[in-house]
Amino acid sequence: MINTRRKYSKEFKLDAISLVLEQQYTRAEAARILELNPNSITRWIKELEHEQDNDGQAFRGNGKLTPEQEEIRALKAKVRQLEMEKKILKEATVFFAK
């Protein structure tokens, strides 16, 4: 069985929600325009309200990282860079010692 579930970016979801909450489209109208199931927009609105109440990080999935995850990723990259520099310096020391 092939998974045909479509994934949408945070920006797309926020634009869809905007049609309903700010531009006064009905959920059915917005869903028809965007070729979505109206239940998707309803779910996204609930998720947005829930996330804003908790930590302000709505729709973190789809590749979006929390600030802590971004920091961890940056630190791991820095560690890799420093380990490579250390290896190069060791090799250079051996080379010049000969």
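The lysines within cross-link reach of LYS87, meaning a Cα-to-Cα straight distance under 20 Å and a gap of 8 or more places when in the same chain, are LYS76, LYS78, LYS98. Each Lys or Arg adds one and each Asp or Glu takes one away; over the other residues whose Cβ falls under 15 Å from the Cβ of ILE33, this sums to -1.
3J(HN,Hα) along region 13-28, derived from phi through the Karplus expression 6.51 cos²θ - 1.76 cosθ + 1.60 where θ = phi - 60°, amounts to 4, 5, 5, 5, 5, 4, 4, 7, 7, 9, 9, 6, 6, 6, 4, 5 Hz, with x in place of Gly and Pro. Taking the number of Cβ atoms within 10 Å of each Cβ as an exposure proxy, the fewest-first ranking of ARG6, ARG73, ARG27 is ARG6, ARG73, ARG27. List every residue whose amide H lies under 5 Å from the amide H of TYR8, counting only residues 5 or more places away in sequence or on a different chain, with H placed 1.01 Å from N in the peptide plane. Excluding prolines and chain starts, which carry no amide H, there are no hits. Residues in region 6-12 carry Karplus couplings, in order, of 8, 10, 10, 6, 4, 4, 4 Hz; the curve used is 6.51 cos²θ - 1.76 cosθ + 1.60 with θ = phi - 60°, and Gly or Pro positions show x.
No lab work stands behind these numbers, since they all come straight from the coordinates. Note that the structure is predicted; figures quoted are calculated from it, not measured. Note that we place each Cβ from the backbone using ideal geometry, even for glycine, and neighbour counts take in every protein chain shown.
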